[in-house]
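The values are calculated or read from the model by the stated rules, or taken from the named source; none is laboratory data. A quick note: this is a predicted structure, and the numbers were derived from the prediction, not measured. For neighbour counting, all protein chains shown are included, and Cβ atoms are generated from backbone atoms with ideal geometry for every residue, glycine included.
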Amino acid sequence: MNIKIQSIKFDADKKLVDYVEAKLSKLNKYNEEITTIEVYLKLDTNYTEGNKKVEVMIPLSGSDIFVERQGKRFEEAVDLCVDALKISLTKSKERARNI
């Protein structure tokens, strides 16, 4: 699985990149079709939810899965994205079986 991480307008440190890769590499057990995951780390001006924004896009045959979450820390936002992706990947796999 290929995980592409882009940090927008800042340089992500190695520890953050390793954390993101470790969390997202576990998603393969929810859907075996995953070959690429694109991750965008951004700093947002919305301070009420936190200014760290994570967007994750997983291209799959049939449809792409896109999730974005915000938090006070990037790790928190990544965890929220992973939770949402687990649900979405499970549903897309069930839909594919029923076709």
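In this structure, is LEU89 surrounded by 17 or more Cβ atoms within 10 Å (Cβ to Cβ), closer than 13 Å to ILE37 by Cα, more than 11 Å from the chain's Cα centre (by Cα) and touching a residue at least 40 places away in the same chain (Cβ under 8 Å)? Show your work before the answer.
Numbers: surrounded by 17 or more Cβ atoms within 10 Å (Cβ to Cβ): yes; closer than 13 Å to ILE37 by Cα: yes; more than 11 Å from the chain's Cα centre (by Cα): yes; touching a residue at least 40 places away in the same chain (Cβ under 8 Å): yes.
Taking the combined requirement at face value, the residue satisfies it.
Residues LYS53, LYS72: which one is in contact with a strand residue (DSSP E or B) (Cβ under 9 Å, 6 or more places away or on another chain), surrounded by 19 or more Cβ atoms within 10 Å (Cβ to Cβ) and either without any contact (Cβ under 8 Å) to a residue 60 or more places away in the chain or farther than 20 Å from ILE3 by Cα (or both)?
LYS53
Can you tell me which residue in region 39-94 is nearest to LYS15 (Cα to Cα), limited to those that are assigned to a helix (DSSP H, G or I), among the β-branched types (Val, Ile, Thr) and at pLDDT 95 or above?
Taking region 39-94 first, the residues assigned to a helix (DSSP H, G or I) are 74-94.
Now narrow it down to the ones that are among the β-branched types (Val, Ile, Thr): 78, 82, 87, 90.
Going one step further and asking which of them are at pLDDT 95 or above, we end up with 78, 82.
Values: VAL78: 13, VAL82: 18 Å.
Across region 39-94, the extreme among qualifying residues is VAL78.
Could you check, for region 2-22, whether at least one of its residues is under 11 Å from the mean Cα position of the chain (by Cα) and without any contact (Cβ under 8 Å) to a residue 24 or more places away in the chain? Break it down stepwise before answering.
So in region 2-22, the residues under 11 Å from the mean Cα position of the chain (by Cα) come out as 3-5, 20-21.
Keeping just the survivors that are without any contact (Cβ under 8 Å) to a residue 24 or more places away in the chain gives 21.
Yes.
Taking region 13-32 as the region of interest, how many residues are in contact with a helix residue (DSSP H, G or I) (Cβ under 8 Å, 6 or more places away or on another chain) and either of a type in the set (Val, Ile, Thr) or assigned to a loop (DSSP other than H, G, I, E, B) (or both)?
3
Which of the numbered conditions does THR36 fail, given that it passes all the others? Conditions: (1) within 15 Å of the chain's Cα centre (by Cα); (2) surrounded by 16 or more Cβ atoms within 10 Å (Cβ to Cβ).
Result: THR36 passes all but (2).
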